[in-house]
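What follows is one structure encoded as structure tokens, with my remarks underneath.
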Amino acid sequence: MRTVTYFAYGSNMLSARLRARCPSARVRGPASVAGWRIAFSKPSLDGSGKATLARVKNDSARIFGVLYDIAAADMPALDRVEEKGVGYDRTDEFNVVCMTRNGVFCHTTYIARAPVAGLKPYDWYLALVIAGAREHGLDENYIATLLRVSCAPDPHPERGRRRDALRALGEAGHDSPAAVLADL
């Protein structure tokens with residue numbers, strides 16, 4: 001089976017979330033990429049900000065995430081969810097290199113096509129990101145940075161994506177977005 005190594009840095013870090021989208025996803029391990037930071041500036045159709053990578057001039061800055069191996073056959077489903085070519089571009093061609101405990105890997109990930117400053121993620125979305133970071137034992141200072149991100153409640157609590165997010169959080173043992181967002 002041919003696999004693709006995928007760097008998740010947003011809501012897909014949470015294993016339950018990614019496996020709902022790509023059942024073949026297997027964790028390779030925590031990773032980081034130098035010279036990038038997380039930004040919640042990818043405009044979503046629901047009006048909120050979703051995670052994207054933002055280039056910074058300081059190479060000591062790092063974004064943390066999780067490397068997964070995903071069957072190539074599952075990648076079209078992930079491309080659809082990530083709105084490849086519309087909301088995000090898949091960055092195979094950028095060949096960003098991740099440092100992990102197990103070595104250096106080239107990978108694929110997604111970067112927003114047209115980021116917009118000033119967007120806020122919904123609380124449930126930010127909770128997915130933080131829950132994934134905690135699940136994989138990412139850097140505590142990084143998690144503290146995520147906890148300081150300003151978020152908004154979803155004005156449509158019956159939104160399908162919110163229900164999916166709550167289901168993934170529940171599968172991962174979290175009662176609510178508020179519980180995840182509380183500084184433990």
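The string of couplings for the stretch 139-154 from the Karplus curve (6.51, -1.76, 1.60, θ = phi - 60°) is 3, 4, 5, 5, 4, 4, 5, 5, 5, 8, 5, 6, 10, 10, x, 6 Hz, one whole number per residue in order, with x for Gly and Pro. Ordering 6, 118, 150 by the projection of their Cα atoms onto the charge dipole of the stretch 3-181, which places +1 on the Cβ of Lys and Arg and -1 on the Cβ of Asp and Glu, puts 118 at the extreme positive end. Across the stretch 157-172, rounded Karplus estimates of 3J(HN,Hα) from the backbone phi angles (6.51 cos²θ - 1.76 cosθ + 1.60, θ = phi - 60°) give x, 8, 4, x, 5, 5, 4, 4, 5, 5, 5, 5, 4, x, 4, 8 Hz, Gly and Pro being marked x. When 113, 90 are arranged by Cβ crowding within 10 Å, least crowded first, meaning fewest neighbours, the order is 113, 90.
From a point 7 Å beyond the Cα of residue 60 in the direction of its Cβ, which residues of the stretch 22-46 have a backbone N at a distance under 19 Å? Answer for this model: 32-38.
Given their separation in residues at 0.36 nm each and the Cα-Cα distance between them, residue 114 and residue 159 gain 13.8 nm when the chain is fully extended. Listed peptides 10-21, 162-173, 29-40 appear in the order 10-21, 29-40, 162-173 once ranked by packing, highest mean of other Cβ atoms within 10 Å at the front.
Computed on the stretch 49-173, with alpha-carbon pairs under 8 angstrom and 6+ residues apart, the relative contact order is 25 percent. Calculated mean residue ellipticity at 222 nm for the chain: -8000 deg cm²/dmol, from DSSP H runs with n ≥ 4 weighted as -39500 (n - 2.57), summed, divided by the residue count and rounded to 500.
Backbone amide hydrogens, once placed in the peptide plane, bring residue 113 within less than 5 Å of 88, 89, excluding anything fewer than 5 places away on its chain. Taking a ≥ b ≥ c as the square roots of the eigenvalues of the Cα gyration tensor, the stretch 80-184 is oblate, since a/c reaches 1.5 or more and a/b is not larger than b/c. Less than 5 angstrom separates the built amide H of residue 3 from those of 72, all sequence-distant by 5 or more or on a different chain. Lysine pairs in the stretch 3-181 whose alpha-carbon atoms fall under 20 angstrom of each other, counting only those eight or more residues apart or on distinct chains, come to 5.
Taking the number of Cβ atoms within 10 Å of each Cβ as an exposure proxy, the fewest-first ranking of 3, 109 is 3, 109. By its C-alpha gyration tensor, with a ≥ b ≥ c as the square roots of the eigenvalues, how is the stretch 127-184 shaped: rounded for a/c under 1.5, else prolate for a/b larger than b/c, else oblate? It comes out oblate by the Cα gyration axes. Think of the stretch 1-86 as a dipole: +1 on every Lys or Arg Cβ, -1 on every Asp or Glu Cβ, centred on the Cα centre; then among 22, 47, 67, 67 lies furthest on the positive end. Put simply, the amide H of residue 50, placed in the peptide plane, has neighbours under 5 Å in 41, 42, 44, leaving out anything fewer than 5 places away on its chain. Is the stretch 7-113 best put as rounded, prolate or oblate by its Cα gyration tensor, with a ≥ b ≥ c the root eigenvalues, rounded for a/c under 1.5, and otherwise prolate when a/b is larger than b/c, oblate when not? Verdict is oblate for the stretch 7-113.
Readers should treat all values here as calculations from the given coordinates under stated rules, not as data from a laboratory. On a predicted model such as this, the values are computed, not experimentally measured, just so you know. Please note: Cβ atoms are built from the backbone with ideal geometry, for glycine as well, and neighbour counts cover all protein chains shown.
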